[in-house]
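Here is the structure we will look at, set down as structure tokens.
The values are calculated or read from the model by the stated rules, or taken from the named source; none is laboratory data. Only a predicted model underlies this, so the values are computations on that prediction, with no experimental measurement involved. Cβ sites come from the backbone with ideal geometry, for glycine too, and all protein chains shown count toward neighbours. With ligands, DNA and RNA removed, areas are computed over all heavy atoms of the protein, side chains included. Shrake-Rupley method; radii C 1.70, N 1.55, O 1.52, S 1.80 Å.
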Amino acid sequence: MLKDRFDILLGGLLLACAALIVGLLLGGGSQASQRDLAVDKALEQEIAYQAKVSFLERLYAPVSELRTAGQNEAALLKLDELSRRYPDEAHGELLRGEILLQLQAIPEATAHLARAVRMNGDYVDQHSPLSRRDLFEQLLGEQLTVIKSRAKKNPSATALQAALKDLYYLQGRLAGGCE
Amino acid sequence: MIKCRLLSVLLLLLPLVACQSPTDRPVMKIGYMNCNSEAETLARFKPLTKYLSDRLNIDFQAVPVDTQDFPERFAAGEFEFTHTNSLVYVIMRENQQLELVATEKRGNYGTHTAGAIIARKDSGIKTLADIKGKRMIFGPQLAPSGFLAQYDLMLREGIDPELDIAYYAIPSGSFKHEKVVYGVYFGQYDVGASPALDLELMTKEGKITADDFVILGQSPIFPYCTFGARKDVDQELVKAFRQALVELTQADTVDYQGEQLKVLASAWIDGFEALEDSDYNQLREMAKRANMPPYQEF
């Protein structure tokens, strides 16, 4: 079939071209699949995040309903009940902090809010549906000077000293600082 | 012969020299208000008392005291230090200038607590106005979060506990606060005056659920159980006593009857805080409005 050197050279070139085309096709395909994989991963993360937010909303719906009805004390009891199944859950910590703030238990509220942020930074992320930046800014505006002055006046008051540290921590996180 | 006698005398003196420890230390008494029973009070507070003795090198003795007897026995000079509810602290502060040492932390509100008025969720009672003409159960009369807070709350809502409800009762014996909750739960009473802390603990322990009751009203928060010192106790000792309490952590242990016990956990306490006497003003206002000791007028 290959009669002379020209045929051999031509055959070799044809094979090389075919190999190149196959190589290009395969290479392009793998880049595309990598791109697809990256898209899939981002999508999965987004879906998982939305599912988590939706789960938290469903889980703590009874607490939210009681708060809306002005039943903060009953909402705390509901949280106590839920905390038996989900101890040390960040959103429960956040809600407990919010309720205690409304009930004027300021050092305890601050401790729970700071703990929630330590467990989940989404509460200070302004793009997150879980964001509570406004609440933290309001808390700092209303309480930082008061707690600072009370802690200075009463250095033995460990809860006040701890509350002051927590307020500084929240202030730092709002300013963009990390753990 | 003389040598023998000398040896005998030395042998007799030896135990006295060897037993320098607790008996040679100054002795002071801490009066602990009974919550349920003397046995429970001593079981809770003896390890803490031992810890304070070791830390301050004083032989503190724990004395269980009934609530209603406390102010009188304190006035008679029976105890150098006191551990009582915040209303009994206010009474002794007003009458005998008891000095504030530290306030106990327990539950959601930390150093503070509150009183709630509850009804069964299926009772049809939805607001405080609905309790007129109903049967009610209170906690003991000197309990700030089991009686005073709710009594004051009702007065502020225009309900006179002496005139506007069918009748009210106070349980006898121990575990009065739990009896209030169960009294309402099992339908013997329509409405109950429960400390917020007891509702919280009973919910956490699974004895009740949050859906069993409707909270018709809750008082503002005010300080919880309190350590005090008699006015003639040395100020340096009071300061050291306070410091020992506020520095206690959940990890601190005491060697008690051959066991290493966690001091705070044994006493069912989360910690201590150095509050100011002015933090008790909320409670004072409640006592004045409810015409209760130490501001009672006839």
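Observations, loosely collected:
- Taken along its three principal axes, the alpha carbon spread of segment A:112-179 comes to 39, 20, 18 Å, from the longest extent down to the shortest.
- Shielding value for B:246-253 is 1, the average number of Cβ atoms from other chains within 10 Å of each residue's Cβ.
- Net charge over other residues, Cβ less than 11 angstrom from the Cβ of B:ILE137 (K, R count +1; D, E count -1): +3
- Overall Cα dimensions of segment B:115-219, principal axis frame, Å, largest first: 35, 30, 23
- Taking label positions 7 Å along the Cα-Cβ direction at both A:LYS148 and A:LEU20, the computed distance is 7.2 nm, reported to one decimal.
- Scattering curve values for the protein assembly as shown, log₁₀ I(q)/I(0), Debye with Cα scatterers, q = 0.07, 0.14 Å⁻¹: -0.49, -1.42
- Partners for A:LYS148 among aspartates and glutamates (Cα-Cα distance below 17 Å; same-chain residues under 8 apart left out): A:GLU108, A:GLU137, A:ASP166, B:GLU273, B:GLU276, B:ASP279
- Summing Lys and Arg as +1 and Asp and Glu as -1 over all other residues whose Cβ lies under 14 Å from the Cβ of B:THR67 gives a net charge of -3.
- Taking a straight Cα-Cα cut-off under 22 Å and skipping sequence neighbours fewer than 8 places away in the same chain, the lysines within cross-link reach of B:LYS121 are A:LYS78, B:LYS132, B:LYS134, B:LYS176, B:LYS179, B:LYS204, B:LYS207.
- Carbon plus sulfur fraction of accessible area for segment B:115-219, probe 1.4 Å, in percent: 49 percent
- DSSP beta bridges in the protein assembly as shown [antiparallel fraction, %, rounded to 5]: 65 percent
- Estimated FRET transfer efficiency when R0 is 60 angstrom, pair B:ASP255-B:ASP130 (beta carbons, to 0.05): 0.65
- The residues neighbouring B:THR203, those whose beta-carbon lies less than 12 Å from its own, together hold a net charge of -4 under the Lys/Arg +1, Asp/Glu -1 convention.
- Accessible area that becomes buried as B packs against A, both chains, 1.4 Å probe, Å², nearest 100: 2000 Å²
- Å² of accessible area per residue within segment A:52-135, as computed with a 1.4 Å probe and no ligands counted: 44 Å²
- For B:SER53, the accessible surface of its heavy atoms amounts to roughly 0 Å² (probe 1.4 Å, protein chains only, rounded to the nearest 10).
- The string of couplings for segment B:161-174 from the Karplus curve (6.51, -1.76, 1.60, θ = phi - 60°) is x, 7, 10, 8, 10, 4, 6, 10, 10, 10, x, 9, x, 8 Hz, one whole number per residue in order, with x for Gly and Pro.
- Packing here is the average count of other Cβ atoms within 10 Å per residue, and on that basis the peptides B:147-160, A:58-71, highest first, run B:147-160, A:58-71.
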